[in-house]
Amino acid sequence: MAHDHASHGPETRRAHNRRRLWTALTINAAMLAATVAGGILASSLALLAEAGHLLSDVGAIAVGLAAARLAAIAPTPDRTFGYQRSEILGALVNGVTLLAISLLIIVGAITRLSSPPDVAGAGVLVLGLVGLAGNAAAALALAGGERADINLEGVLRHSAADALSSLGVVVAGAVVLTTGWDAADPIVSLLIAVLIAAGSWRLLKEPIDVLMEAAPRGVDVEQVGRAMAAEGGVVEIHDLHVWAVTSGFPALSAHLVVEPGRDRDLVRVRVEVLLRERFGIVHTTLQVVEAGGSSGLIALEDMRDRPPVD
């Protein structure tokens with residue numbers, strides 16, 4: 001009988017996902033060791049490039065597991081959001097590492113194209129097939145988890161990309177074995193390097209967007225503002241900011257100007273419900289003031305005009 005993950009609570013689903021991540025980590029670590037050894041023994045840059053891709057996967061899974069552990073640490077007075085951005089910093093490190101690995105592979109491949117060394121095609125083919133089987137097993141283990149988990153989804157995408165690069169290694173081994181054309185190995189290495197670099201783009205862009213407090217992906221801030229302004233009793237919206245504390249944790253702050261005589265708390269609650277149900281934004285900070293009234297705050301310009309307090 002198949003298990004319905006939706007029937008479990010959040011902690012149970014996270015525990016299932018962690019077990020799947022550990023399974024994928026074990027598979028990838030074993031393949032990494034075998035691929036590095038085989039790449040050295042077979043003089044295959046394609047295998048070493050695949051090892052670089054596997055190394056990035058091991059790092060990505062380890063970061064996902066560490067981030068899940070750190071994110072569970074309760075907030076403190078000094079860290080009011082806890083360590084929820086740990087996964088963002090880890091993803092940024094992984095992205096930079098991936099980019100560096102792809103550049104090293106490209107340099108090595110260009111060097112080998114001019115004078116390709118003898119490559120053990122049979123060994124490359126066998127290890128490529130082993131890698132393809134291992135990546136398929138890891139992807140199957142991850143695909144059964146909670147796909148809304150960004151860590152698990154990211155690792156699953158890495159495993160799918162690894163399967164493609166393993167297929168490239170198989171092709172390189174088959175070409176070298178059947179034709180003796182050793183240049184196929186560095187050419188496939190270049191293709192794998194491009195795949196690694198493409199995979200690093202999201203790991204670089206999203207963390208930088210979060211650290212720069214850009215609007216979360218998929219959130220149209222203008223649409224959010226228009227929807228808030230259309231809520232009954234709202235006259236204007238000021239100082240609207242939407243950002244992500246970490247992946248999957250959007251936050252919003254704004255000043256709401258409401259019609260005189262309106263129940264401020266009722267308007268605020270209605271706007272909060274709108275933001276939660278229509279845009280998935282739960283963490284909100286809304287300051288509500290009446291039109292023509294005073295917010296109770298002193299503008300900075302007014303502060304500069306005032307004499308110093310003794």
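The values are calculated or read from the model by the stated rules, or taken from the named source; none is laboratory data. Just so it is clear, the model here is predicted, and its values are computed rather than measured. Methodologically, a virtual Cβ is constructed for each residue, glycine included, from the backbone with ideal geometry; neighbour enumeration extends over all protein chains shown.
General remarks:
- Subset of region 235-280 (residues that are in contact (Cβ under 8 Å) with a residue 40 or more places away in the chain and in contact with a Leu (Cβ under 7 Å, 6 or more places away or on another chain)): Val271, Leu275
- Options Ala193, Ala214, Ala174; residue that is farther than 19 Å from Thr97 by Cβ and not in a loop (DSSP other than H, G, I, E, B): Ala174
- Hits in region 203-231 - residues which are hydrophobic (A, V, I, L, M, F, W, C) and more than 12 Å from the chain's Cα centre (by Cα): Leu211, Met212, Ala214, Ala215, Val219, Val221, Val224, Ala227, Met228, Ala229, Ala230
Here is a yes/no grid of residues against (1) farther than 24 Å from Glu206 by Cα; (2) at pLDDT 95 or above; (3) hydroxyl-bearing (Ser, Thr, Tyr); (4) not assigned by TED's automatic domain parsing to the domain that holds Gly64:
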position	(1), (2), (3), (4)
Val257	yes, no, no, yes
Leu275	no, yes, no, yes
Ser294	yes, no, yes, yes
Leu300	yes, no, no, yes
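- The single condition from (1) exposed (fewer than 14 other Cβ atoms within 10 Å of the Cβ); (2) modelled with pLDDT under 90; (3) not assigned by TED's automatic domain parsing to the domain that holds Val63 that Ala230 fails is (2).
- Among (1) under 29 Å from Asp182 (Cα atoms); (2) outside any helix (DSSP H, G or I) - the single one Pro77 does not satisfy: (1)
- Taking the listed residues Leu89, Leu127, Leu113, the one that is under 25 Å from Pro250 (Cα atoms), in contact (Cβ under 8 Å) with a residue 24 or more places away in the chain and in a helix (DSSP H, G or I) is Leu89, with no other qualifying.
- Breaking point among (1) crowded, with 18+ Cβ neighbours inside 10 Å; (2) on the phi > 0 side of the Ramachandran plot, for Gly82: (1)
- Test for Val119: is it part of a loop (DSSP other than H, G, I, E, B), touching a Ser or Thr at 6+ places or on another chain (Cβ under 6 Å) and farther than 30 Å from Trp243 by Cα: yes
- Yes/no for Val194 being outside the structural domain of Asp265 (by TED's automatic domain parsing), touching a helix residue (DSSP H, G or I) at 6+ places or on another chain (Cβ under 7 Å) and either surrounded by 16 or more Cβ atoms within 10 Å (Cβ to Cβ) or not acidic (Asp, Glu) (or both): no
- Against the numbered list (1) modelled with pLDDT under 80; (2) closer than 25 Å to Pro216 by Cα; (3) surrounded by fewer than 23 Cβ atoms within 10 Å (Cβ to Cβ); (4) not aromatic (Phe, Trp, Tyr), Leu99 comes up short only at (1).
- Set Glu206, Glu236: member being surrounded by 14 or more Cβ atoms within 10 Å (Cβ to Cβ) and farther than 30 Å from Gly39 by Cβ: Glu206
- Which numbered condition Glu50 misses (of (1) closer than 27 Å to Leu177 by Cβ; (2) at pLDDT 75 or above; (3) not hydrophobic (A, V, I, L, M, F, W, C)): (2)
- Out of Ala15, Ala6, Ala72, sole residue that is more than 23 Å from Ala136 (Cα to Cα), surrounded by fewer than 23 Cβ atoms within 10 Å (Cβ to Cβ), out of contact with any Leu (no Cβ under 7 Å at 6 or more places or on another chain) and modelled with pLDDT under 70: Ala6
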